[in-house]
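First the structure, in the form of structure tokens, and then the observations on it.
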Amino acid sequence: MSGVYLTRRDPTRNLARFYRMLIVPTLFGEWVLLREWGRIDSGGTVRADPFPNAGAALLAMQALMRAKLRRGYESQAHA
């Protein structure tokens, strides 16, 4: 599946953040929403949230994306 890559930049506050989300299947029939966030050009924090199906994971990803866009993140072309 494709992913989402969001960035938030504000040079006046020395702010350069990223938020990446990806939905992937597990070997056990579940789906995982992988999230990574942190400062651009450095390693980030990773979190994996399991879901029973891809639809539930997609709904969670869409909700997170809406929240991040409200906070000033912008969507980027690559994942």
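The values are calculated or read from the model by the stated rules, or taken from the named source; none is laboratory data. A quick note: this is a predicted structure, and the numbers were derived from the prediction, not measured. Quick reminder, even Gly has a Cβ in these numbers, built from the backbone with ideal geometry, and neighbours come from all protein chains shown.
Taking region 1-48 as the region of interest, the strands (runs of 3 or more DSSP E) fully inside it that hold 1 or more residues being acidic (Asp, Glu), closer than 22 Å to GLN62 by Cβ and at pLDDT 95 or above are 31-39.
Contact map, region 50-73: first residue more than 15 Å from GLU36 (Cα to Cα), second residue of a type outside the set (S, T, N, Q) and part of a helix (DSSP H, G or I), Cβ cut-off under 8 Å, separation 6 or more or different chains; pairs are PHE51/ALA57; PHE51/ALA60.
Looking only at region 49-79, filter to residues that are loosely packed, with under 15 Cβ neighbours inside 10 Å and assigned to a loop (DSSP other than H, G, I, E, B); which one of those is modelled with the lowest pLDDT? Of everything passing the filter in region 49-79, ALA79 is modelled with the lowest pLDDT.
The requirement of being exposed (fewer than 15 other Cβ atoms within 10 Å of the Cβ), touching a helix residue (DSSP H, G or I) at 6+ places or on another chain (Cβ under 8 Å) and touching a residue at least 24 places away in the same chain (Cβ under 8 Å) is fulfilled somewhere in region 22-35, by at least one residue.
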